[in-house]
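The structure under discussion appears below in the form of structure tokens.
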Amino acid sequence: MPFSSLGLDPAMVRAAADKGYAAPTAIQAAAIPPILQGRDILGAAQTGSGKTAAFSLPLLQRLAGERHPGARRLRALVLVPTRELAAQVGESMRGLAQQLPSPPKIAVAFGGVSINPQLMALRGGADIVVATPGRLLDLADHRALRLSSVSMLVLDEADRLFDLGFADELGRILALLPGERQNLLFSATFPQAVRSLAESLLRAPVRIEVQAEPAHEPAIQQRAIEVDAGRRTQLLRHLVAHEGWPRVLVFVATKHAAEIVADKLRKAGLDAEPFHGVLSQGKRTQVLADFKASRVQVVVATDLAARGIDVVQLPAVVNYDLPRSAVDYLHRIGRTGRAGESGVALSFVSADREAHFRLIEKRQGLNVPRERIAGFEPVQTQPSARAPDSTGGIKGKRPSKKDKLRAASVLSRK
Ligand code: AMP
């Protein structure tokens, strides 16, 4: 099916062709026509499914079709959970908008950097703002933008917005928006907080659930290697040397671990960098740019990097520390195998973490065979008596008390 059959104008069809998209992905085919008709959307899509273009192409077309005599007014708001995703979505939208006869002004706003350049960028207004919730509210408080003219709202990675504790800010933002608007909500998972938000926010939404998609299905090979915790860095070095990965994203549990592991790898002669929330925004941007440009081979990251980062041709993700929840597991492994490329997601499992990994497998309906690598066979095969979490303790699909509180706080502020 070509892009032109979805109701897109020639400019938007050209925009997709310019990006090298030969045909729409499943989420694009399903979401673009109803968005063009002005319908609300509730989209469930795997990471890497092409959802940014799925909402950006029809959004840009709808805005281009509206006449707006006089001063520029903010008409579309895209809320995202992280700085990286804000930058990525903004860049992607600007690229797609280039083909329009008079491209809209797209502003990107996120915290962790000085507000002044963002205030300057909003002088004279913007048509579209892509923002993280906290900074958006700061800008609204500074009267740098007004939300009362927004006619399209996108909530991208809605589950993550809740995970990161944005419930309060979301409630305040929703209260500033006009009631009459089109809402597009995308989420990889649907915990109770997201379901409640969707019910309160969306009007007769078109529900879209994209499962497997032959042309773009991420071919992620999942592997689990049994190894003693103390030998993981050596095993990682061995794998980097023997698997021929040009780039690998390694997940650890803490910022401290990210620093330590990256340091050990560097001392062993690898181009490795840590990536976590304590680094300055400039440093984070630099690390990602170096990673994309292959100047850095190994990035050792906390879950900050589990969402939103799109490194084309990232062949491998390693769970050096297992993720806390099954949902985080899904997001981490989704960093590889994006948009139809193949990838490997590899988890290190020590005897103490075996029960935790089994719970992740159960929640995801997986059965990943355990492997051992010659020379790295575990000495410890039973969990130690004081193993943390060896009996579970996993964050999961059932809404926690905190989830319920967050959902209630959003609803009560509406
Ligand atoms: P997203 O899920 O929006 O983060 O997109 C994941 C990746 O898929 C990005 O690198 C996009 O450029 C790419 N992509 C989006 N739409 C298509 C398409 N129709 N064909 C091929 N690649 C696409």
### Task
Please tell me if residue 200 is more than 30 Å from residue 337 (Cα to Cα) and either free of Cβ contacts under 8 Å to residues at least 24 places away in the same chain or not hydrophobic (A, V, I, L, M, F, W, C) (or both).
yes
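Residue-by-condition table, conditions (1) more than 16 Å from the ligand (Cβ to nearest atom); (2) at pLDDT 95 or above; (3) not in a loop (DSSP other than H, G, I, E, B):
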| site | (1), (2), (3) |
| --- | --- |
| 246 | yes, no, no |
| 258 | yes, yes, yes |
| 269 | yes, no, no |
| 274 | yes, yes, yes |
| 277 | yes, no, no |
| 296 | yes, no, no |
| 321 | yes, yes, no |
| 327 | yes, no, yes |
### Query
Can you tell me which residue in region 165-204 is least open to solvent (accessible area, probe 1.4 Å), limited to those that are of a type in the set (D, E, K, R) and either not in a loop (DSSP other than H, G, I, E, B) or not assigned by TED's automatic domain parsing to the domain that holds residue 140 (or both)?
169
### Message
Whether any residue in region 19-34 is in contact with a strand residue (DSSP E or B) (Cβ under 9 Å, 6 or more places away or on another chain), within 11 Å of the ligand (Cβ to nearest atom) and closer than 21 Å to residue 103 by Cα is what I want to check.
### Response
no
### Message
Can you find, within region 68-77, the residue that is nearest to the ligand (Cβ to nearest atom) among those that are of a type in the set (A, V, I, L, M) and either in contact with a Gly (Cβ under 8 Å, 6 or more places away or on another chain) or not assigned by TED's automatic domain parsing to the domain that holds residue 179 (or both)?
### Response
74
### Message
I'd like the full set of residues that are in contact (Cβ under 8 Å) with a residue 40 or more places away in the chain, within 23 Å of residue 17 (Cβ to Cβ) and open to solvent by less than 30 Å² (accessible area, probe 1.4 Å), limited to region 96-129.
### Response
96, 97, 100, 104, 128
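Tell me yes or no: at least one residue of region 333-341 is more than 16 Å from the ligand (Cβ to nearest atom) and either hydrophobic (A, V, I, L, M, F, W, C) or at pLDDT 85 or above (or both). So that I can check it myself, show each step before the final result.
Restricting attention to region 333-341, the residues satisfying the condition of being more than 16 Å from the ligand (Cβ to nearest atom) are none.
No, every residue in region 333-341 fails to be more than 16 Å from the ligand (Cβ to nearest atom) and either hydrophobic (A, V, I, L, M, F, W, C) or at pLDDT 85 or above (or both).
The values are calculated or read from the model by the stated rules, or taken from the named source; none is laboratory data. Computed from a predicted structure; not experimentally measured. Here Cβ is always computed from backbone atoms with ideal geometry, including for glycine, and neighbour counts include all displayed protein chains. All accessible areas refer to the heavy atoms of the entire protein, side chains included, with ligands and DNA or RNA removed. Shrake-Rupley method; radii C 1.70, N 1.55, O 1.52, S 1.80 Å.
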